[in-house]
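The values are calculated or read from the model by the stated rules, or taken from the named source; none is laboratory data. In this text, all values refer to a predicted model and were calculated from it rather than measured experimentally. Methodologically, a virtual Cβ is constructed for each residue, glycine included, from the backbone with ideal geometry; neighbour enumeration extends over all protein chains shown. Areas reflect the complete protein model, heavy atoms only, side chains present, ligands, DNA and RNA absent. Shrake-Rupley method; radii C 1.70, N 1.55, O 1.52, S 1.80 Å.
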Amino acid sequence: MQKNLLKSFILRYDGNQGALAEAMGLSRSRLNAKINEKQGSFSMKEMAFIRERYHLTDDDFIQIFFGK
């Protein structure tokens, strides 16, 4: 996962991780753990939510969630 690319979209669209966490029904610390891959990763449903929320292109989506 390319967390810095995801963080750039979060900042661009929401301004901070708290807004995304709230929209996803997660605590900010749980979202941060998923971004940093400390306690699991995003589910397919969560990835789809982020993709739709930030209008990610196919390339952006693949880079964020499946890139190294």
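A few comments on the model shown:
- The stretch between ASP59 and SER8, if pulled fully straight at 0.36 nm per residue, gains 16.9 nm over its current Cα-Cα span.
- Mean separation of Cα contacts under 8 Å (6+ apart) over length of the chain, as relative contact order %: 45 percent
- Of all accessible heavy-atom area on the chain, the percent that carbon and sulfur account for (1.4 Å): 48 percent
- Within the chain, the percentage of alpha carbon pairs spaced more than 15 angstrom apart rounds to 47%.
- Student exercise, the stretch 16-68 dipole from Lys, Arg, Asp, Glu Cβ charges, in Debye to nearest 20: 280 debye
- Couplings 3J(HN,Hα) of the stretch 37-51, computed from phi: 6, 8, 9, x, 9, 6, 6, 4, 4, 5, 4, 5, 4, 5, 4 Hz, in residue order, whole Hz [Karplus 6.51 cos²θ - 1.76 cosθ + 1.60, θ = phi - 60°; x for Gly and Pro].
- Proximal lysines to LYS45, defined as alpha-carbon separation beneath 19 angstrom and excluding residues fewer than eight positions away on the same chain: LYS3, LYS7, LYS34
- Largest accessible area first, the listed residues LYS7, LYS68 line up as LYS68, LYS7 when surface is computed with a 1.4 Å probe on the assembled protein chains.
- The accessible area of SER43, taken with all protein chains in place and a 1.4 Å probe, comes to roughly 50 Å².
- Set of the stretch 13-32 residues, backbone N closer than 18 Å to the point 7 Å along the Cα-Cβ line of LYS38: 17-22, 26-32
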